[in-house]
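The values are calculated or read from the model by the stated rules, or taken from the named source; none is laboratory data. On a predicted model such as this, the values are computed, not experimentally measured, just so you know. Glycine also receives a Cβ, built like all others from the backbone with ideal geometry; neighbour counts cover every protein chain displayed. Side chains are part of the model used for accessible areas, which takes the heavy atoms of the whole protein and leaves out ligands, DNA and RNA. Shrake-Rupley method; radii C 1.70, N 1.55, O 1.52, S 1.80 Å.
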Amino acid sequence: QVQLVESGGGLVQPGESLKLSCAVSGRIFTIVHVAWHRQAPGNQREFVAGVSRGGTTQYADSVKGRFTISTDSTWNTVYLQMSNLKAEDTAVYFCAALNNGARSWGQGTQVTVSS
């Protein structure tokens with residue numbers, strides 16, 4: 001079992017930055033991939049960024065060059081550094097971990113980009 005708790009969301013203006021954190025607990029050593037997804041009102045949940053145990057990162061085209069996913073050395077915390085935020089980045093952001101073929105989800109943190 002893996003537990004995930006997101007934090008760091010809030011209200012920012014367009015062009016500003018925000019850093020999200022995801023606290024990971026449980027059977028961390030079984031995790032092979034962690035990712036951030038987001039869901040805007042009326043939309044389906046979509047992939048934002050991910051990183052594998054080997055260090056390979058993946059990004060959605062819409063956030064490439066603006067967002068960076070990282071973890072601490074023990075994978076206890078997963079970060080999403082978001083820069084040059086746009087109104088269309090407004091969504092609930094979820095952390096997800098893949099282990100033993102199953103995906104665990106956090107409860108999400110709201111990010112609102114508005115002037």
Mean separation of Cα contacts under 8 Å, 6 or more apart, over the residue count of the chain: relative contact order %: 37
Accessible area (Å², per residue) of the chain, counting only protein heavy atoms and a probe of 1.4 Å: 51
Kirkwood Rh, angstrom, segment 1-40 [1 / mean 1/r, Cα pairs]: 12.3
Radius, Kirkwood style, for segment 45-86 when every pair of distinct Cα atoms is counted (Å): 11.0
Dipole of the chain [Lys/Arg +1, Asp/Glu -1 at C-beta], most positive-end residue of 39, 114, 74: 74
Debye, to nearest 20: dipole size of segment 13-115, +1 on Lys, Arg Cβ, -1 on Asp, Glu Cβ: 220
Normalised per residue, the volume of the convex hull around the Cα set of the chain (Å³): 93
Estimated FRET transfer efficiency (residue 88, residue 28; beta-carbon r; R0 35 Å; 0.05): 0.60
